[in-house]
Structures are given as structure tokens and as C-alpha cells.
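> The structure's right below; bear with me while I get my questions together.
The values are calculated or read from the model by the stated rules, or taken from the named source; none is laboratory data. Note that the structure is a prediction, hence the values are computed from the model and not measured. Glycine gets a Cβ as well: all are built from the backbone with ideal geometry, and neighbour counts include every protein chain shown. Calculation scope for accessible area: heavy atoms of the full protein, side chains included, ligands and nucleic acids excluded. Shrake-Rupley method; radii C 1.70, N 1.55, O 1.52, S 1.80 Å.
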Amino acid sequence: MPSLNASIDLTAFVLGGFELTQRKFVVGVTILITFIVAVLANMVNIVVIVYDEKLHKPMFLLICNLAVVDILCITSVSPTMIGTLLAGVNTISYAPCIIAMFTHHVGGVMEMFALAVMAFDRLIAVSCPFQYNSYLTNVRIILLVLMLWIAACCFVAVMPATVLPLPHCHTKLIYSFCDYAAILRTTCADLDYYFNMITVISSFLLFFTFSLIALSYCFIVYCVKLSSSEEKRKMGSTCLSHLIVVVCFYLPIFMRIVLTRMGVPLTAEQRHGLSVWYYVGPPSVNPFVYSLRTNEIRQRVWNIFKRKSKVIITADKI
């Protein structure tokens with residue numbers, strides 16, 4: 001139960017996580033460059049897909065949705081880290097912190113949903129190539145994505161709903177961004193109930209989405225075995241981009257779970273590092289994976305740069 005006598009009037013949180021970091025400027029510049037590159041790269045993917053009608057297909061709509069999710073994830077955590085490391089701003093007001101907590105957890109849940117739907121999309125493309133366009137239409141994909149966003153918001157709404165009524169006994173967060181667990185640790189409440197509740201929800205979402213991805217690829221492997229060598233090559237190229245993105249997202253999560261289950265003690269700095277990669281790594285990798293490995297997007301981006309280069313050369317001649 002909350003200890004009301006020990007509560008404080010909290011207006012801002014103190015951000016932690018980088019106290020033991022020795023080269024803060026170098027780390028801050030690295031995160032800043034990563035943030036700028038990731039946002040720009042994802043924006044390029046979105047703009048190319050939105051403005052090119054030839055790319056208005058289910059697969060590219062899902063890639064566009066993933067780019068939106070990636071921008072949400074990285075913008076909800078990077079500014080506070082950059083401010084702490086480069087500007088020395090280690091506080092954040094209460095309301096913006098709660099909003100940031102909600103947005104980056106929605107981004108995390110949507111990342112799982114997006115990867116699961118994209119795996120299902122690849123399954124239909126491989127197993128039913130001739131019926132693909134009839135099964136997965138643009139309208140159905142858009143409606144599905146909207147429902148997933150609503151579902152993600154409903155799941156994550158539990159976090160502000162449970163943390164807002166609680167009194168606070170501390171002001172310092174253990175991380176450099178507004179994570180639910182970090183905010184919860186500043187309260188005066190008995191944490192077991194809240195951590196158990198979030199563990200159940202997050203475990204369900206994690207293993208449900210990962211199981212869907214794993215099952216989809218089991219069926220894909222089965223279909224590949226029955227295909228010719230040329231078809232196998234095409235299927236492998238089609239699925240490799242998605243597999244790379246899945247590994248980048250789920251690997252740090254399962255590393256943390258496995259290490260915890262094995263009894264390997266993780267320091268606050270190590271947990272913080274894994275959490276930072278969880279929200280910064282995939283958004284930085286995803287746009288380049290799909291831009292470089294998807295012929296249609298790569299060709300459109302290349303054409304844009306070629307046109308701009310010709311314009312610049314012509315302007316110089318004039």
C-alpha cells in the first residue's frame with residue numbers, strides 16, 4: 001500500500017542512467033547522429049511510399065507503418081538522452097514524462113504487432129502468390145493497421161492509469177528516459193502488484209507476437225522445400241529483410257530474459273544499455289534494411305538522388 005506520509009509533491013523527474021558514463025560527449029554525439037539519421041531515413045521511406053502510386057501495395061504499406069512506428073520509438077527516448085549528455089539537462093517535467101512513457105511503450109508494442117503482421121504478409125506471399133492480391137488488399141491492410149494501433153494504445157493505457165494515482169517518494173529515474181518501470185520505482189507503492197501485472201501483459205504480447213512470427217516462418221520453410229531453386233532464391237531474398245529486422249528487435253529482449261533466468265546479475269548500466277538498444281537500435285537499422293534490400297524502394301530513392309544531382313549540375317552550369 002502507498003505510504004502517504006512519505007509522499008512528496010513531484011513536479012519533475014531527475015534523469016539517471018549515464019552517471020557512470022565516462023565519455024558523455026562522445027556518447028551524446030553518437031546518439032544525436034543516430035537519431036537524425038534514423039528519423040531522416042525513415043522519413044525517406046515514408047515519403048517514397050506515399051508519393052509513388054506504384055508502391056501503394058500491402059507490403060509497402062506495412063513498411064510505411066513500420067517506419068512511422070520507428071520514428072515514434074526513437075523520438076520518444078532520444079531527446080532526453082541527448083539533452084542529458086550534451087546539454088546537461090537532467091530533469092524532465094512530470095506531464096511530458098508521462099506522455100513520453102506512453103508514446104514509447106505504444107511504439108514498442110506496435111513494433112511487435114508490425115513485425116508479426118509483416119511475417120503473415122510474407123507467409124501469404126510465399127504460400128499463396130496467385131491469391132495474394134485478393135487476400136491482402138490495401139483497404140484490409142489499412143484497417144488492420146488502424147486496429148493494431150488502437151489495440152496497442154489500449155494495452156499501454158494501463159500504465160498511465162496505474163501510475164498517475166500513486167504518490168511519489170523519490171524524484172530520480174534509473175534510466176535516461178521515461179520508462180514505466182523507472183517511474184513506478186519513484187512511487188511509494190508496493191511494486192510487486194504493478195510489476196506482476198505489467199509482466200503478464202508484456203509477456204503475453206512478446207511471446208504471442210514472436211510465436212506468430214516463428215509459426216509463419218515454419219510454414220514458409222515448408223513451402224520453400226516444395227519450390228524450385230529459382231523460387232527458393234526469390235523467397236529467401238523476400239524474407240531476409242524481415243528476418244534481419246526481427247533479430248534486431250527481439251535479440252536484446254530475449255538476451256535480457258535469458259540472462260535473468262540464468263541468474264546472471266545485470267547492473268543498472270547494463271540494463272539501461274539493453275533498454276536503449278531496444279528503442280534506438282531497430283529504428284536505426286530498419287529503414288536501411290528495407291531501402292537497401294527492397295528493389296522498388298532502392299530504385300525510387302536512387303532516382304530521386306539522380307534527379308537532384310542533375311538539377312544541381314545544371315544550376316552550376318547556368
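> State which residue is surrounded by the most Cβ atoms within 10 Å (Cβ to Cβ) when the search covers only the range 240-294 and only residues that are under 21 Å from residue 221 (Cα atoms) and at pLDDT below 75.
Step by step, filter the range 240-294, then rank; the result is 294.
> Among (1) charged (D, E, K, R); (2) open to solvent by 10 Å² or more (accessible area, probe 1.4 Å); (3) modelled with pLDDT of 90 or more, there is one condition residue 111 misses while meeting the rest; what is its number?
The single condition residue 111 does not satisfy is (2).
> Now for a different question. Collect the residues in the range 36-72 that are more than 13 Å from the chain's Cα centre (by Cα) and farther than 19 Å from residue 142 by Cβ, keeping them in residue-number order.
36, 37, 40, 41, 43, 44
> Please go through (1) at pLDDT 90 or above; (2) crowded, with 18+ Cβ neighbours inside 10 Å for residue 29 and return the number of the only condition it doesn't satisfy.
Answer for residue 29: the failing condition is (2).
> When you scan the range 66-80, how many residues do you find that are in contact with a His (Cβ under 9 Å, 6 or more places away or on another chain) and either of a type in the set (Phe, Trp, Tyr) or open to solvent by 10 Å² or more (accessible area, probe 1.4 Å) (or both)?
Adding up the residues that qualify gives 3.
> Another question, then. Identify the single condition in (1) open to solvent by less than 40 Å² (accessible area, probe 1.4 Å); (2) polar (S, T, N, Q); (3) at pLDDT 90 or above that residue 176 does not satisfy, given that it satisfies every other one.
That leaves (3) as the condition not met.
> Scan the range 47-65 residue by residue and report those that are buried (at least 18 other Cβ atoms within 10 Å of the Cβ) and over 18 Å from residue 123 (Cβ atoms).
48, 49, 55, 64
> Taking residue 35 as the residue in question, decide whether it is open to solvent by less than 50 Å² (accessible area, probe 1.4 Å) and assigned to a loop (DSSP other than H, G, I, E, B).
no
> Inspect all residues belonging to the range 3-16 and state whether any of them is under 26 Å from residue 300 (Cα atoms), open to solvent by less than 70 Å² (accessible area, probe 1.4 Å), touching a residue at least 40 places away in the same chain (Cβ under 8 Å) and part of a helix (DSSP H, G or I).
Within the range 3-16 (the criterion being under 26 Å from residue 300 (Cα atoms), open to solvent by less than 70 Å² (accessible area, probe 1.4 Å), touching a residue at least 40 places away in the same chain (Cβ under 8 Å) and part of a helix (DSSP H, G or I)), the answer is no, since none of the residues qualifies.
> Looking only at residues in the range 128-164 that are farther than 30 Å from residue 98 by Cα and buried (at least 18 other Cβ atoms within 10 Å of the Cβ), which one is modelled with the lowest pLDDT?
The extreme case among them is 136.
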